[in-house]
Structures are given as structure tokens and as C-alpha cells.
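Accompanying notes for the structure given below.
The values are calculated or read from the model by the stated rules, or taken from the named source; none is laboratory data. Fair warning: this is a prediction, and the values are worked out from it, not measured in the lab. All Cβ positions, glycine included, derive from the backbone under ideal geometry; neighbour counts span all protein chains shown. Areas reflect the complete protein model, heavy atoms only, side chains present, ligands, DNA and RNA absent. Shrake-Rupley method; radii C 1.70, N 1.55, O 1.52, S 1.80 Å.
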Amino acid sequence: MKVIRAKSAGFCPGVKRAVETVYEQVEKEKEKQIYTYGPIIHNEEVVKDLEGRGVKVIRTEEELDALDEGVVVIRSHGVPRRIYDKLREKGITTVDATCNFVRKIHRIVEEESAKGSHIIIIGDPAHPEVQGIRGWAGSKADVVQDAAGAKEFVCTEKCRICIVAQTTFNYNKFKELVEIISKKGYDISVLNTICNATKERQEEAGSIAAAADAMIVIGDKHSSNTQKLFEICERACNNTYYIQTLDDLDMNQLRSVETVGITAGASTPNNIIEEVQNNVRINI
């Protein structure tokens, strides 16, 4: 059997930095409770390990309201501006681990909103990154997730429209939605804010899946970028499997194939990827 592992699989720079930031705080702040505002990344194994080291996850704004001390690490997905304001008002030590690509989008939508632009965020409205971006975009902002939403969008006043994207959004789908909105005749500025690592990862995954008899996509079930990888790979390879850890993989499904491709989301630790890869090589 031939096993092809994507070179881009695993932690992206933003995720790596965020995770390392929390571990550094654990070592540095021996006397203070460490919190993350939301899971630092979308990976249950990483979150469990941090919880084992005493890190607590603040999952709601109400929980933050009840906090009066400690160190709060802002998750890699970023948060709305009001969360920063609230932490500052409460005088709580804040460590910002927002991905640099995401922070750039915050600045863009804040500046464009100040100029009077109507912001369109192409992405999943339920995703924390998109909710964070929305929280910097002012009152005139909409989130568009699919073709139906793009077709339904109407700007009732004459204004300039600025379009940005969730960093992990499918690049081809982004282009499709931008094209739909562009046909409406508005004054539009399009900023492709999908991060380079995401685009490269998606292209590589699709290429490997097209050449493989079976494809394994490793990542947390809540990871948006892993879900996008799965969708891309599934279109190119009928035998595509989405797993979080080795325990989710049924080796019997791979016994009749000659080539297996492996990729992983940006928040998947390297040790999980290696464990899957090694076991596929040994047991098939």
C-alpha cells in the first residue's frame, strides 16, 4: 500500500502560536488562574490537555461578566471588540492569541465601516471567527454563507460595499458568491481574506484525494477548515473518511485499497496525524 500524507497537514502558524501562547502562560503565571475565551482552537484533545494543566474555558459572555481576576487568553478565532472593552473595564490581564490573518480582517472591517461601507462577511454565521469579525464591523454588516444568501442580499441605500471572507472558507465557493453579489450593480470592493495556508491546504488535499483510492481527513468535528477539507476530498474521492483520532478509523474500510491519502485540519496536533499514518502503514 502507498500512503500519501499532505505536507500542509496539521497546525497552521496561527494555531501553533495560539496553543504555544497558552502553554507559556501556564508556565509563567503560577499564582493566577488561566482562562481562554472560548476553546483556544477547535480541537478537543488540545483543550483536554490544557484543562488537565488547570486552564479553564470561558464559554459564554455571562461567565466573563462573573470574572474579576485571572489571565484571559483570547482564542485564535478572535472576539468582538466589545469583549476587549469589557476585559479592559474589568482590569483583567488579557493575552491576545488571535490569528494575525483574523486580526487583519478586524482592522479592515473597522476601517471600512468608519468610511461608511456596508460590510459583507462571507462565511458561517455560527462560527466564532465570523462572529468576532462581525463585532468589529459596525451597524451595517451582513453575513453571507451560501448562494441563496448571496441572491437574497439587498442594500437598500446607496453605499459602497466591502466584501471579506472567513479565513478558512472554501476559495472556489467564495469566488462563486462574490460573482453573484457583483452582478447586482453595487459599488463593490472585494478583499480575499482567506489565508494562504488555507488555500494551499485545500488545493493539496484535492490533488491527493484525486489520486487516492481512499482519503482520510483528520480534525475536530467543530473545525470549520477541516469540514471544508472533507467536502473537497469527498468530491474527488468517494472513499473519504472524516475522523478526529485513530479510534474513529475502521481499518477494514481500507483493506482493499492501494493508495491512501491523509490530510488534516489546521488545528490537528502532529502526534495524532502521525499515529494515524503509522497505524495505516502497519495494519493495512
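Could you pull out the trypsin sites (Lys or Arg not before Pro) across the range 30-115 that fall in loop regions by DSSP (anything but H, G, I, E, B) with no more than 15 other Cβ atoms inside 10 Å? Answer in residue order: 30, 32, 53, 59, 115. Label positions at residue 191 and residue 126, each projected 7 Å from the Cα along the C-beta direction, are separated by 2.8 nm.
Among the trypsin sites (Lys or Arg not before Pro) in the range 188-284, those placed in a DSSP loop whose Cβ has at most 13 other Cβ atoms within 10 Å are 221, 255. For the chain, the solvent-accessible area of protein heavy atoms averages 48 Å² per residue (probe radius 1.4 Å; ligands and nucleic acids excluded). Calculated FRET efficiency, residue 57 and residue 172, Cβ-Cβ r, R0 30 Å, to nearest 0.05? Computed FRET efficiency for residue 57 and residue 172 comes out at 0.35.
In this simple spin-label model, placing a label point 7 Å from the Cα along the Cα-to-Cβ direction at both residue 20 and residue 44 gives a separation of 2.8 nm.
For the chain, a Gaussian network of Cα nodes joined below 10 Å ranks 77, 118, 127 by mean-square fluctuation, and the top entry is 127. Under 20 Å from a label point 7 Å along Cα→Cβ of residue 111: give me every residue in the range 167-186 with its amide N that close. The answer is 167. For the chain, a Gaussian network of Cα nodes joined below 10 Å ranks 165, 236, 148 by mean-square fluctuation, and the top entry is 148.
A cut-off under 14 angstrom between Cβ atoms defines the neighbours of residue 241, and their net charge, with Lys, Arg +1 and Asp, Glu -1, is -4. For the range 30-112, the fraction of 1.4 Å probe accessible surface lying on carbon and sulfur atoms is 44 percent. Extension gain for the segment residue 157 to residue 203, taken as residue separation times 0.36 nm less the Cα-Cα distance, is 12.7 nm to one decimal.
Rolling a 1.4 angstrom probe over the range 125-175 with all protein chains present gives an accessible area of which 48% lies on carbon and sulfur atoms. The calculated P(r) of the chain, using every Cα pair and 5 Å bins from 0, goes 1, 6, 12, 15, 15, 14, 13, 11, 8, 4, 2, 0, 0 in percent.
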